[in-house]
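Student: Once you've had a glance at the structure underneath, I'll fire off some questions.
The values are calculated or read from the model by the stated rules, or taken from the named source; none is laboratory data. The model shown is predicted, which means the values in this text are computed figures rather than measured ones. A quick note on method: Cβ atoms are made from the backbone with ideal geometry, for glycine too, and the neighbour counts reach across all protein chains shown.
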Amino acid sequence: MCKKCKNIEFGFTSEKFPAGTHMCLIYSNEEERAAVVSKFIDSGIKWKEKVAYFAHKMDKNEMDKWLESKGVFISETDVEVIKAKEIYYPDGEFIPGTMLDTLQQLYDSSKKEGYSAVRVCGEMVWALDNIPGSERLMEYEAKINQLMESHPVTALCQYDANKFDGATLLNCLKVHPYTIVNKQIVKNPYYLSPEEFLAEKK
């Protein structure tokens, strides 16, 4: 997280947090997910931020309809929807360093385009599709926290508690400084610094 960045709103909570906050949503049902994600996206649009959504299967048209069903009406350019395959493993393999470079480039280009900040929201269930390199997902999640110091992309990572196993969800908590509980952002007591987490996994 960027310690010097301005505080921004996330929509689903009245509290403000610095741009570059890295948080996870471990959800049990669609209602719970929608209540957070739709507000997170809507808030980013209202505050003139670059908003990108990394979707497992939905395309732009499907995403727009989903948002409309939640009361969020957007223009053609408000949200960039990118399929998981195109963003996480465009060449068929997930490589943490490549994805971190992509986030850095997204941040740099967005600032040049005049956006006030950048927020991304990713569906992480693609990692269960037996993609080469997907076993390095938590390495990537840990290293995002290092990237945020210089490139404060606000990130909300979605994990379906019905699909990911307990060990993965525990690791998920270890690499996200903040987690979302009952639509509130809470400091994660399980969080380890990138250095601690990566050393633990060696």
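Student: With the requirement that a residue be farther than 21 Å from ASP160 by Cα, free of Cβ contacts under 8 Å to residues at least 60 places away in the same chain and either touching a helix residue (DSSP H, G or I) at 6+ places or on another chain (Cβ under 9 Å) or assigned to a loop (DSSP other than H, G, I, E, B) (or both), what does the stretch 21-68 give you?
Tutor: In the first step, residues of the stretch 21-68 are kept if they are farther than 21 Å from ASP160 by Cα; the result is 42-51, 60-61, 64-65, 68.
So of that shortlist, the ones also free of Cβ contacts under 8 Å to residues at least 60 places away in the same chain come out as 42-43, 45-46, 60-61, 64-65, 68.
Passing the criteria: only ASP42.
Student: A further question on this structure: Confirm whether ASN162 is in contact with a His (Cβ under 8 Å, 6 or more places away or on another chain), farther than 20 Å from LYS85 by Cβ, modelled with pLDDT of 95 or more and not charged (D, E, K, R).
Tutor: Details: in contact with a His (Cβ under 8 Å, 6 or more places away or on another chain): no; farther than 20 Å from LYS85 by Cβ: yes; modelled with pLDDT of 95 or more: yes; not charged (D, E, K, R): yes.
No.
Student: Report whether or not TYR88 is among the aromatic types (Phe, Trp, Tyr) and either farther than 22 Å from PRO194 by Cα or touching a Pro at 6+ places or on another chain (Cβ under 6 Å) (or both). Show your work before the answer.
Tutor: On the way: among the aromatic types (Phe, Trp, Tyr): yes; either farther than 22 Å from PRO194 by Cα or touching a Pro at 6+ places or on another chain (Cβ under 6 Å) (or both): no.
Here the answer is no, as TYR88 does not meet what is asked.
Student: Moving on. Scan the stretch 30-45 for residues that are surrounded by fewer than 17 Cβ atoms within 10 Å (Cβ to Cβ) and among the acidic types (Asp, Glu) and jot them down.
Tutor: The answer is GLU30, GLU31, GLU32.
Student: If you don't mind, another one. Restricting the search to the stretch 69-98, which residues are part of a helix (DSSP H, G or I) and charged (D, E, K, R)?
Tutor: Passing the criteria: LYS85, GLU86.
Student: Is it the case, given these coordinates, that ARG119 is touching a residue at least 24 places away in the same chain (Cβ under 8 Å), closer than 30 Å to ALA167 by Cβ and either surrounded by fewer than 17 Cβ atoms within 10 Å (Cβ to Cβ) or out of contact with any Leu (no Cβ under 8 Å at 6 or more places or on another chain) (or both)? Steps first, answer last, please.
Tutor: Values: touching a residue at least 24 places away in the same chain (Cβ under 8 Å): yes; closer than 30 Å to ALA167 by Cβ: yes; either surrounded by fewer than 17 Cβ atoms within 10 Å (Cβ to Cβ) or out of contact with any Leu (no Cβ under 8 Å at 6 or more places or on another chain) (or both): no.
When the stated conditions are applied, ARG119 does not pass them.
Student: Separate question: Determine which single condition LEU156 fails, assuming it passes every other condition in (1) farther than 14 Å from CYS24 by Cα; (2) within 15 Å of the chain's Cα centre (by Cα).
Tutor: The failed condition is (1).
Student: How about the stretch 178-202: which of its residues are surrounded by 14 or more Cβ atoms within 10 Å (Cβ to Cβ), of a type outside the set (Lys, Arg) and in contact with a Phe, Trp or Tyr (Cβ under 9 Å, 6 or more places away or on another chain)?
Tutor: Once the filter is applied, which keeps residues that are surrounded by 14 or more Cβ atoms within 10 Å (Cβ to Cβ), of a type outside the set (Lys, Arg) and in contact with a Phe, Trp or Tyr (Cβ under 9 Å, 6 or more places away or on another chain), the stretch 178-202 yields TYR178, THR179, ILE180, ILE185, ASN188, TYR191, PHE197.
Student: Give me the residue from the stretch 152-189 that is assigned to a loop (DSSP other than H, G, I, E, B) and touching a Cys at 6+ places or on another chain (Cβ under 9 Å) and, out of that set, farthest from THR13 (Cα to Cα).
Tutor: Within the stretch 152-189, the first condition is being assigned to a loop (DSSP other than H, G, I, E, B), and the residues that meet it are 152-153, 161-165, 176-177, 182-183, 188-189.
If we keep only those that are touching a Cys at 6+ places or on another chain (Cβ under 9 Å) as well, we get 152, 164, 176, 188.
Values: PRO152: 20, PHE164: 26, HIS176: 18, ASN188: 17 Å.
Filtering the stretch 152-189 for residues that are assigned to a loop (DSSP other than H, G, I, E, B) and touching a Cys at 6+ places or on another chain (Cβ under 9 Å), the one farthest from THR13 (Cα to Cα) comes out as PHE164.
Student: Then there is this: Can you pull out every residue in the stretch 178-202 that is of a type in the set (A, V, I, L, M), more than 16 Å from TYR140 (Cα to Cα) and in contact (Cβ under 8 Å) with a residue 40 or more places away in the chain? Steps first, answer last, please.
Tutor: Quick first cut of the stretch 178-202, residues of a type in the set (A, V, I, L, M) only: 180-181, 185-186, 192, 198-199.
Next, only the ones that are more than 16 Å from TYR140 (Cα to Cα) stay: 180-181, 185-186.
Hits for the stretch 178-202 are ILE180, ILE185.
Student: Follow-up question, since we're still on this one. Cβ-Cβ under 6 Å, sequence separation 6+ or interchain: first residue in the stretch 149-177 and crowded, with 22+ Cβ neighbours inside 10 Å, partner basic (Lys, Arg). Which pairs?
Tutor: From residues that are crowded, with 22+ Cβ neighbours inside 10 Å, the pairs are THR154/ARG119.
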